[in-house]
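None of the figures in this text is laboratory data; all of them are computed from the coordinates on show. Everything quoted here is computed from the prediction, not taken from an experiment. For neighbour counting, all protein chains shown are included, and Cβ atoms are generated from backbone atoms with ideal geometry for every residue, glycine included.
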Amino acid sequence: MSQFERLISIMKKLRSEGGCPWDREQTHESLRPYLIEEAYEVLDAIDAKDDDELRVELGDLLLQVVFHAQLASEDGRFAIEDVSEAVSDKLVRRHPHVFSDAVAETSKQVLTNWENIKKEEHGDKRKSILDGLPRHLPALLKAFRIQEKVSRVNFDWDEVSDVFSKVREEMAELEQAFEARSQKQLEEEFGDLMFSMVNLARHLKITPEDALRASNEKFTSRFGYIEEQMDARGEDLSDTTLERLDVLWDEAKALEKRD
């Protein structure tokens, strides 16, 4: 028995009559938060460059796939073998430059072919290449994927300088909305600015989600230093001036560079 077969067998046992009460209560809907949580824990392990942790977290993510397949199998809808077959068929079908006689010499050609093949697969079901994007994607990631997809059909800026100009244009429109004191217009222009910034990130070969996550971590670390210093001196954050906190912030930045 392979390790993958062992995992499937364990999952079946957990769901069986004499199995685990918690596992037996679960549904596709109840497992949704765990699927998302496990995916983010994989990202944490990748960021930490910790192979042992990555191995464990990938296993937890795989368990979610096996769990959902087991639930479907019990209802006679499909099994884990059908999941594996579907993705294998898809990979072969969408890589004709590898498994057939199509030609794709660059990544851009591969992605363009991928979108065309997807469109053929879905026939008239999808009127737009954007129809297949998951509704529940976080907004920042969804903006990135929207821009990525339309770029494959040449709806994109040719030069990064054009994107910088667009960002400046959107920033000016946001300032105008602020001066007009229109909350609705402010939200709209702020969204446009963020969308343009995501586009700029894509052109600069930056994944905005990763960049923002790194900035969040950096801010958390620096603010943690401020809290430690204030606590060590018996001072209260709420009674301290911004100027004083800025001095500690600069100390935290200096320590980062030294490290």
*Long-range Cα-Cα pairs in the stretch 3-89 (distance over 20 Å), rounded percent*: 41
*Compute the relative contact order of the stretch 3-92 as a whole-number percentage, counting only Cα pairs closer than 8 Å that sit 6 or more residues apart in sequence.*
24
_Can you tell me, using C-alpha contacts under 8 Å and at least 6 residues apart, the relative contact order of the stretch 67-141 as a whole percent?_
15
*On a 0 to 90 degree scale, rounded to 10, what angle separates helix 107-122 from the longest Cα axis of the chain?*
50
*Note the angle between two axes, namely the Cα long axis of helix 28-48 and the longest principal axis of the Cα atoms of the chain, as a number of degrees from 0 to 90, rounded to the nearest 10.*
60
_Quick check: the angle from helix 3-15's long axis to the longest principal axis of the chain, C-alpha only, nearest 10 degrees?_
90
*Under 1.5 on a/c is rounded, so check that first for the chain, then, if it is not, pick prolate when a/b is larger than b/c and oblate when it is not; a ≥ b ≥ c are the square roots of the alpha carbon gyration tensor eigenvalues.*
oblate
*Each residue of the stretch 220-231 in order: what ³J(HN,Hα) in whole Hz does its phi give by Karplus 6.51 cos²θ - 1.76 cosθ + 1.60, θ = phi - 60°, with x for Gly and Pro?*
4, 5, 5, 5, x, 5, 4, 4, 4, 5, 5, 5
*Could you grab the relative contact order for the chain? Cα pairs under 8 Å, six or more apart, rounded to a whole percent.*
9
*What is the sum of charges around residue 171, taking Lys and Arg as +1, Asp and Glu as -1, for the other residues whose C-beta is under 12 Å from the C-beta of residue 171?*
-4
*Could you give me the ³J(HN,Hα) list for the stretch 74-89, computed from phi with Karplus coefficients 6.51, -1.76, 1.60 and θ = phi - 60°, whole Hz, x at Gly and Pro?*
5, 8, x, 8, 6, 10, 4, 5, 5, 5, 5, 5, 4, 6, 5, 4
